[in-house]
Amino acid sequence: AVVSTQSGHYGRGIDELTSMHMVLAGGISGMLSWGINYPIDVVKSRIQIDGMNGPREYTSSYACFKCMKAKTGWAGLYRGVSATLMRAFPTNAAMLPAYSISLQFLMKLKGERELLY
């Protein structure tokens, strides 16, 4: 359904989204989020274990990132991302509709009709 073109908005209103739209939006956004942030998480994990079996190798997160990129390239920073992406889709696909349903339920309890964006 198209929203009024007089307001300049096209497409579906947020109240018109089906459950399948919510599932797909949650799953895809979760995968995009992890795909973008995965190298940062890898660096964080390396910093956490740095120095456990000897002297510390990295002086900062940036130093860790530079060293890893120099040794293994971008491929090293994305090693293991496929398992994370396979986990991200179902997790976020369930979470977004659950959040939306919970929010609608709580709004009905409170007597509010609309979300304030």
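The values are calculated or read from the model by the stated rules, or taken from the named source; none is laboratory data. Just so you know, these numbers come straight off a predicted model, no measurement behind them. All Cβ positions, even for glycine, are placed from backbone atoms using ideal geometry, and neighbour counts span all protein chains on display. The area values use the complete protein model at the heavy-atom level, side chains included, leaving out ligands, DNA and RNA. Shrake-Rupley method; radii C 1.70, N 1.55, O 1.52, S 1.80 Å.
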With a 1.4 Å probe and all protein chains in place, put 17, 106, 77 in order of accessible area, largest first.
106, 17, 77
Over the Cα atoms of region 17-117, what Rg and Dmax result, in angstrom?
19.5, 60
Put a dot 7 Å past each Cα toward the Cβ at residue 78 and residue 28; how far apart are the dots in nm?
1.9
Alpha-carbon centroid distance for the pair region 14-57 / region 80-114, whole angstrom
16
Candidate lysines - alpha carbon under 26 Å from residue 108, same-chain residues fewer than 8 apart omitted
none
In terms of Cα to Cα distance under 19 Å, which lysines are near enough to residue 66, apart from those fewer than 8 places away along the same chain?
44
Calc'd 3J(HN,Hα), region 56-71, phi into Karplus 6.51 cos²θ - 1.76 cosθ + 1.60 (θ = phi - 60°), Hz, glycine/Pro = x, comes to 5, 8, 10, 9, 7, 5, 5, 5, 5, 4, 4, 5, 5, 5, 5, 6
Over the heavy atoms of residue 59, what accessible area does a 1.4 Å probe trace out, to the nearest 10 Å²?
130
